[in-house]
Structure formats: structure tokens, C-alpha cells
1. Give me the percent relative contact order of the stretch 25-135, please, defined on Cα pairs under 8 angstrom at least 6 residues apart.
2. Semi-axes of the equivalent ellipsoid of the stretch 157-233: what are they in whole Å, largest first, if each equals the square root of 5 times a C-alpha gyration tensor eigenvalue?
3. Hey, could you get me the Stokes-Einstein D for the stretch 88-201, Kirkwood radius over alpha-carbon pairs, 10 °C and 1.306 mPa s, rounded to whole µm² s⁻¹?
4. With θ set to phi - 60° and the Karplus curve 6.51 cos²θ - 1.76 cosθ + 1.60, what are the ³J(HN,Hα) couplings of the stretch 73-90 in order, to the nearest whole Hz, using x for Gly and Pro?
5. Below 8 Å, C-alpha to C-alpha, sequence gap of six or more: please give me the relative contact order for the stretch 11-58 in percent.
6. For ARG112 and ARG138 in one chain, what is 0.36 nm times their gap in residues minus the Cα-Cα distance, to one decimal in nm?
7. Ratio to report: Rg/Rh of the chain, with Cα atoms as the point set and Rh obtained by the Kirkwood method; give two decimals.
8. Mind putting a number on the dipole of the chain about its Cα centre? Charges go on the C-beta only, +1 for Lys and Arg and -1 for Asp and Glu, and I need it in Debye to the nearest 20.
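The values are calculated or read from the model by the stated rules, or taken from the named source; none is laboratory data. Owing to the predicted nature of the structure, the values given are computational and were not obtained by experimental measurement. Quick reminder, even Gly has a Cβ in these numbers, built from the backbone with ideal geometry, and neighbours come from all protein chains shown. These area figures cover heavy atoms from the full protein model, side chains too; ligands, DNA and RNA do not enter into them. Shrake-Rupley method; radii C 1.70, N 1.55, O 1.52, S 1.80 Å.
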Amino acid sequence: MRVVVLTGAGISAESGVPTFRDAGGLWEGHRVEDVATPEAFERDPDTVQRFYDARRHAVALAEPNPAHEALARLERELGDELLVVTQNIDPLHERAGSSRVLHLHGELALARCPACAGRSPVPGDLIERPPCPACGERMLRPDVVWFGEMPYGLDEIEAALAACEVFAAIGTSGAVHPAAGFVSTARARGARTVELNLASSEITGLFDEVRHGPASTVVPAWCAELLAGHGPS
Ligand code: APR
């Protein structure tokens, strides 16, 4: 049974990682255009570097929650029939044991070099301007996809959506494309679709089934049902 799971900030909320658009979310404290666009990096790189260095420190203290662990268990059972596409830049899926994870919006743990386009593990706070390990340039940027930039892995995602029988979206507001459109692509191919979220999202109406509740509760229950063979909806 081929399954694609899309995750958003909501799956990491109970691990203490702030979401973007909930009360107290990241976009309450910062303007997207000041910290998450190429223009912001051009205009004021230090502010952008400090924003991501701070998020990297915060995420280092976070632990996966039962929702991440349930998806890792699901991968152990389904193997390469499961693909987790995450909008999150934290490593909590991997820390829970998932290996088939595609970071659509990049990863806090990686840096990208504007000079040679090399991607490498972040060697420390980027505000310190560490040299690129490949070319020595001292302007490494977070390997995070900013607004207006091309997300990673779209070809692989489209292929997985075209072949999937089940599509689940977990903890995402459906506010940002292309991720918000994945459910429509899956439906068009005849997949069963389910949304697992604390509340209704902007795309709730597009799903065959919606389950409301905290991810740490609803995700393990859904994964258990899927594995028991009497799959949901
Ligand atoms: N369990 C399940 N869902 C939750 C929980 C929880 N404990 N807490 C919050 N949520 C849900 C909210 O209801 C909301 O639908 O998580 C979602 C969070 O929405 P956003 O903050 O918009 O996060 P996300 O959907 O991942 O944002 C998408 O926008 O800013 C960009 O690049 C950024 O990847 C991000 C993208």
C-alpha cells in the first residue's frame, strides 16, 4: 500500500518547536519579509543568520514526540512504500528513526554556499561566517527554502503522489503552496485522503476524512489502523 504523508509545523508543536501561524507562532515575532526571503538575506544577512541560528539552538533541545515515532514505525512496516514529505526544517522525523524523509523546505542542519552551491552540515552559528568547506567562501546561508525560492524534491513528490493509494496531511495549515496542493493531486489519482490536525485548516474541505486532535494522539492511532489493514476511510 503506497502512502504519502505530508507533515507541517503542527507535528513538532508538542515537541516544543513553535509553529508559524498559531498564537505565539514564529510569524508573530518576525515579519516573513525580514527573515525568510532572499531579499532579506541580501539586505540584512545578520538578522537572517541570527533568526536561523536561534531556531537551530531551540530545535537541538527538542525531542521527537509519539507522532514522529509512529511515522518511523510505519516506515519500518511499509519500507519504500511510504514517503514522508515534510515542510519542517527540524530533524525530528530523522531523530525518531524515519529515513525516507524529503525536506521540501530544506533543513536547519544544512548550510548552502551562494558561491559554489555546495550543501554541507552547518559547522556552527552562521553569524560567525564560517568558511564553506568546499570553496572557502565566508557567506554560507541556511539551506532553507525561502519564500519565492524553488522547494526541493518536487519531481520525486509528484511521482509519489501519482502512485499513492493513501495521502495524509499532518499538522499543516495548508497556507503555503506547493504543499497545500498535494492533496488535490493525490485525490485526482484516486488516493484516499485524510487530514490529521488540531483544528480545521485552509484545506480541510479537500480531504475524504478529517481527524481532529493533537498529533501525538491522532497520528499513532491512525498509523495503527493503517497497519492493522482496516485502513481509515
Ligand atoms: N497537533 C496537530 N496539529 C497541530 C498541533 C498539534 N499539537 N498544533 C498546531 N497544529 C496545526 C495547526 O492547527 C495548523 O494547522 O499545525 C498547523 C500549523 O500551521 P502553520 O503554523 O502554518 O505551519 P505549516 O502549515 O507547517 O506552515 C507551512 O509556511 O511559513 C511557511 O515554510 C513555512 O513550512 C512552513 C509553511
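1. Values: 118 pairs, mean separation 22.7, N = 111.
Once divided by the residue count of the stretch 25-135, the mean separation gives 20 percent.
2. Values: eigenvalues 69, 55, 18 Å².
Semi-axes from the Cα gyration tensor: 19, 17, 10 Å.
3. On the way: Rh = 16.0 Å.
In µm²/s, the coefficient is 99.
4. Karplus-based 3J(HN,Hα) across the stretch 73-90 equals 5, 4, 5, 4, 7, 9, x, 7, 8, 10, 10, 9, 9, 10, 8, 7, 9, 7 Hz.
5. Values: 27 pairs, mean separation 9.4, N = 48.
Relative contact order comes out at 20 percent.
6. Details: separation 26, 0.36 × 26 = 9.36 nm, distance 1.10 nm.
Contour length minus Cα-Cα distance gives 8.3 nm.
7. On the way: Rg = 17.8 Å, Rh = 18.2 Å.
Result for the chain is an Rg/Rh of 0.97.
8. Numbers: 20 positive and 33 negative charges, 29 e Å.
So the magnitude is around 140 debye.
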